[in-house]
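Chemist: Have a look at the structure that comes next, please.
The values are calculated or read from the model by the stated rules, or taken from the named source; none is laboratory data. Bear in mind the structure is a predicted one, so any value in this text is a computation, not a measurement. Here the Cβ positions follow ideal geometry from the backbone for every residue, glycine too, while neighbour counts run over all protein chains shown. The area values use the complete protein model at the heavy-atom level, side chains included, leaving out ligands, DNA and RNA. Shrake-Rupley method; radii C 1.70, N 1.55, O 1.52, S 1.80 Å.
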Amino acid sequence: MQKTMTSVTIVYHSGYGHTAAQAAAVLEGVQSVPGVSAQLIRVEDVENHWETLDRSDAIVFGSPTYMGACRGHSKPLWMPRRAAGFSRRGKTKLPPGLPTPAA
């Protein structure tokens, strides 16, 4: 039996580069695991990657937090009309968060 590779996609928005640095660190960690592939997608580019997200086994989401909430650029990912973009084999993918609070 052929083992398939696990696919992880890291979707992030970075205002000043801090979340991008965290996303890159997560990418490096994920890529160090045998049998796992990973890629980064900026929130600004996500419209071109819905199929990639649907094929992913896991999605990690990163965004700066302002006043306790995700930055506005990230909110379209969670709109109900996009929920189908995160479904696979009848299961909904709930991505773990990678919040970057302001210091």
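Chemist: Filter the stretch 27-44 down to residues that are closer than 26 Å to Tyr16 by Cα and either in contact with a His (Cβ under 6 Å, 6 or more places away or on another chain) or aliphatic (A, V, I, L, M) (or both) and give me whichever is surrounded by the fewest Cβ atoms within 10 Å (Cβ to Cβ). Write out each step before concluding.
Modeler: Our first condition is that a residue be closer than 26 Å to Tyr16 by Cα; within the stretch 27-44, this holds for 27-31, 38-44.
Checking the rest, the ones that are also either in contact with a His (Cβ under 6 Å, 6 or more places away or on another chain) or aliphatic (A, V, I, L, M) (or both) come to 27, 30, 38, 40-41, 43.
Details: Leu27: 18, Val30: 19, Ala38: 20, Leu40: 16, Ile41: 18, Val43: 21.
That would be Leu40.
Chemist: Among (1) open to solvent by less than 40 Å² (accessible area, probe 1.4 Å); (2) without any contact (Cβ under 8 Å) to a residue 60 or more places away in the chain; (3) not hydrophobic (A, V, I, L, M, F, W, C), which single condition is Glu47 missing?
Modeler: Tallying (1) open to solvent by less than 40 Å² (accessible area, probe 1.4 Å); (2) without any contact (Cβ under 8 Å) to a residue 60 or more places away in the chain; (3) not hydrophobic (A, V, I, L, M, F, W, C), Glu47 fails exactly one: (1).
Chemist: Can you confirm whether the stretch 55-77 contains a residue that is at pLDDT 85 or above, among the polar types (S, T, N, Q) and either out of contact with any His (no Cβ under 6 Å at 6 or more places or on another chain) or open to solvent by 70 Å² or more (accessible area, probe 1.4 Å) (or both)?
Modeler: yes
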